[in-house]
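Here's the structure we're looking at; comments come further down.
The values are calculated or read from the model by the stated rules, or taken from the named source; none is laboratory data. If you're wondering where the values come from, they're calculated on a predicted model, not measured in any experiment. Note: ideal-geometry Cβ built from the backbone for every residue, glycine included; neighbour counts use all protein chains shown. Keep in mind that these areas ignore ligands, DNA and RNA; they rest on the heavy atoms of the full protein, side chains included. Shrake-Rupley method; radii C 1.70, N 1.55, O 1.52, S 1.80 Å.
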Amino acid sequence: MSAYVLSIVSLVGINIILALGLHLISGLCGQVSLGHAAFYGVGAYTAALLAKAGYPIGFTLPAAMAAAAVAGFVVGLCSLRVREDFLAIATMAAGFIFLGVVKQNDALGGEIGISGIATPSFGRDGFVALELVTTVLVILFCLHVRRSWLGFGFSAVADDDVAAQMIGVDNRVYKLTAFCIGTALAGLAGGFLAYYLRAVSPDAFGFTTSISVLCMVVLGGMQSITGCIVATTILTIMPELLRFADNYKLLIFGALLFLTMRFLPEGLGGLLALVRRKEAGSP
């Protein structure tokens, strides 16, 4: 496999981990987040700083997850104090605050960011293998969460948080748990991105990135992990195959969001489920 193909495969894996983190928050638990890129950035900068300090990847990635989860807990805790329709604005504000802090902080490289991150000691191929294995484990973890009592709680909160509260589901605990798990996965993706690019800069974690990830989740189907993976793979590879389309990325993603909400509200996951039902002969 050529280095270019390995690079694309690696990027797809990173984006799948990132998108599944938002899927847990927005798809399973019904909380709209427009600041997911901020937690992606927290993980990336944490891994970058620790890697530059000489710590091994076995330490930097868990640290990236922990830092992003703590940031997610703080934002999630603050979000519990606002009405649901303001949650999207609150998370978007968190993204802008992150960018403001990073760009004004010389210790984080300011506008330029941090570069010169060393490749892990086991080499580029070993890094890609580690990342792909981790991606598979994250997918299995999300499938397990969906089928567990935790996933039931998330779905109950997403469907009707008032009714969920009446049957004993603590909305605050489940919302915070979804935020912490989802942002920890974003931090993990950010840690991998730091090693993948061997550099981090504020531009990679702006509002555009948050919207791109949201588009992957919506196009895949808010309730479908399989759809999320398929949509993320398509939207990651598409700019590589259609170089001219990269300049129109926001336009294309915006159009996809509109068309999905208008004509395919259940996303690719719903379409795949429909195809499976027809193949099985079900109505």
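Structural remarks
- Accessible area in square angstrom per residue, the chain, 1.4 angstrom probe: 48
- Estimated FRET transfer efficiency when R0 is 22 angstrom, pair LEU137-ILE237 (beta carbons, to 0.05): 0.50
- The chain: DSSP helices with Cα axial extent of at least 27 Å and average Kyte-Doolittle hydropathy no lower than 0.0: 3-22, 57-79, 123-147, 171-197
- Measuring r between the beta carbons of LEU6 and ASP160 and using R0 = 41 Å, the FRET efficiency lands at 0.35.
- Mean separation of Cα contacts under 8 Å (6+ apart) over length of region 1-141, as relative contact order %: 32
- Cα-based convex hull volume of region 45-104 per residue, rounded to whole Å³: 76
- Solvent-accessible area of the chain (1.4 angstrom probe, protein heavy atoms only): carbon and sulfur portion equals 68 percent.
- Whether region 142-283 is rounded, prolate or oblate, judged on the alpha carbon gyration tensor where a/c under 1.5 counts as rounded: oblate
- Separation of alpha-carbon centers, region 1-70 and region 159-231, rounded to whole Å: 10
- Surface calculation, 1.4 Å probe, protein heavy atoms: TYR196 sits at approximately 30 Å² accessible.
- The chain: relative contact order in percent, alpha carbon pairs under 8 Å with at least 6 residues between: 34
- Three-way shape call for region 83-170 based on the alpha-carbon gyration tensor, with the a/c threshold at 1.5: oblate
- The chain: calculated mean residue ellipticity at 222 nm from DSSP helix runs of at least 4, using -39500 (n - 2.57): -24500 deg cm²/dmol
- Within a Gaussian network of the chain (alpha carbon springs, distance under 10 Å), most fluctuating of ILE16, ILE181, ILE167: ILE167
- Rounded to the nearest 0.05, the FRET efficiency derived from the C-beta distance between PHE59 and LYS103 at R0 = 25 Å is 0.40.
- Modelled label reach - VAL70, point 7 Å along Cα→Cβ, region 5-27 residues with backbone N closer than 13 Å: none
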